[in-house]
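As structure tokens, the structure follows; a few thoughts come after it.
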Ligand code: EPU
């Protein structure tokens, strides 16, 4: 059963009164593929700096269905043991709630030559097809059948074949899936037009550390030499900081804090966001592993336009928090969402709060600011917009209620406790 908790938030009415330090957790989108990579291993391994988020429960459900053990050792530390893996089917309920379950397909098919999985669900941000995955597996010699909402995939003689795959779109999870598929395939797999998000680089480095032969790290072309099962030999994966959490906190700090230190992050993964916000007038100190926002000299921010893009361009995941920022900036901005066609629909909720936003089509909206927002009842449609609504509620006058907190919990661990510590009046009401 999905939890339907609510947040009740008292708005600051544009006072920048939050203050202090907020620590960034490990990246959800780095943990998920590294955990899925365990299927490629002979031995188990430990993962550190794992965020305590809802998606971890979905992973555990998928692991249980496969016969994989995820053993909690300390807070944020898990040991993954795949020695008793005994199924080739990805569990249905978890998969319907977490699109990223798709990254298990590559490792399972590569290891066992067979795979069964349902069409994955997840955040409500657009169609999210899986054609790149199905076409890729077929290119690697597998046969795909679709029956009763499930995909049944089988290789000819238990092995995927190395081949060349050109991605029509540099998809993050498709890139991760085929990197992992290539590791146990016969011969060489060449992937062209791959995504180069920091989470993918971190995954490749981890796999190479454990015996994979992946060349071209950080470039759009990867070459993977197929081989045998990987071995961790007591190596530990240390999860990289969540750049999307850090970016969301930066915007929160700019709008709601007199001063905010965002610790334990990697600012080099957020360059475009930092550049845009600095140009707009936000006072940001950039350290090696921290960011500080200083709002002691109150001034208006200038509006700017964004076009979402694959890394290192402007991240689609920070588009909705940025739109909240732009409702409070002076002037008119254009937001062009190029990755997902459903990822601007939430703007009608910000309009209810008093924002001046016009949506021209499913990809483009203009925002005129600044406009005072008023408290409202809001339902987050996805992880990042859920948090954008928290920021909007804090900026607004009076009280807001955010329903469907499940989505926020999927990506931001114990967020109300972390925000309460820096001075926010936010309460969780359990279902
Ligand atoms: N696409 C296809 N066919 C496919 C796969 C993707 O057309 O078979 C399209 C998508 O519809 C989209 C574009 O390709 O238009 C790019 O999507 P991508 O596949 O890169 O997205 P993803 O891999 O499903 C990851 C993140 C998302 C993030 C996007 C974009 C993970 C687990 N998820 O999703 O993160 O928004 O990349 O950067 O890494 C989140 O963390 O809240 C989140 C949604």
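The values are calculated or read from the model by the stated rules, or taken from the named source; none is laboratory data. As the structure is a prediction and not an experimental result, all values here were calculated from the model. Cβ placement follows ideal geometry from the backbone for every residue including glycine, while neighbour counts extend to all protein chains displayed.
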Problem - Odd one out for residue 16 among (1) closer than 14 Å to residue 230 by Cβ; (2) part of a loop (DSSP other than H, G, I, E, B) - result: (1)
Practice task
With respect to residue 54, determine if the residue is touching a residue at least 40 places away in the same chain (Cβ under 8 Å) and more than 21 Å from residue 176 (Cα to Cα).
Solution key: yes
Problem - Scope the range 36-57; condition away from the ligand (no atom under 11 Å from the Cβ) and part of a helix (DSSP H, G or I); matching residues - result: 37, 38, 39, 40, 54, 56, 57
Problem - Test set (1) under 26 Å from residue 268 (Cα atoms); (2) away from the ligand (no atom under 16 Å from the Cβ); (3) not in a strand (DSSP E or B) - residue 334 fails condition number - result: (3)
Practice task
Scan the range 77-117 residue by residue and report those that are in a strand (DSSP E or B), closer than 23 Å to residue 158 by Cβ and touching a helix residue (DSSP H, G or I) at 6+ places or on another chain (Cβ under 7 Å).
Solution key: 89, 115, 117
Practice task
Go over the candidates 215, 278 one by one and state the one that is modelled with pLDDT of 95 or more, outside the structural domain of residue 306 (by TED's automatic domain parsing) and surrounded by fewer than 17 Cβ atoms within 10 Å (Cβ to Cβ).
Solution key: 215
Fill in the blank from the handout: Among strands (runs of 3 or more DSSP E) entirely inside the range 346-411, those with 1 or more residues being without any contact (Cβ under 8 Å) to a residue 40 or more places away in the chain and surrounded by fewer than 16 Cβ atoms within 10 Å (Cβ to Cβ) are 356-361, 364-369, 377-379
Practice task
Of the conditions (1) within 24 Å of residue 386 (Cβ to Cβ); (2) modelled with pLDDT of 95 or more; (3) more than 16 Å from the ligand (Cβ to nearest atom), residue 2 clears all except one; give me its number.
Solution key: (2)
Problem - Options 21, 42: the member that is surrounded by fewer than 24 Cβ atoms within 10 Å (Cβ to Cβ) and closer than 24 Å to residue 158 by Cα - result: 42
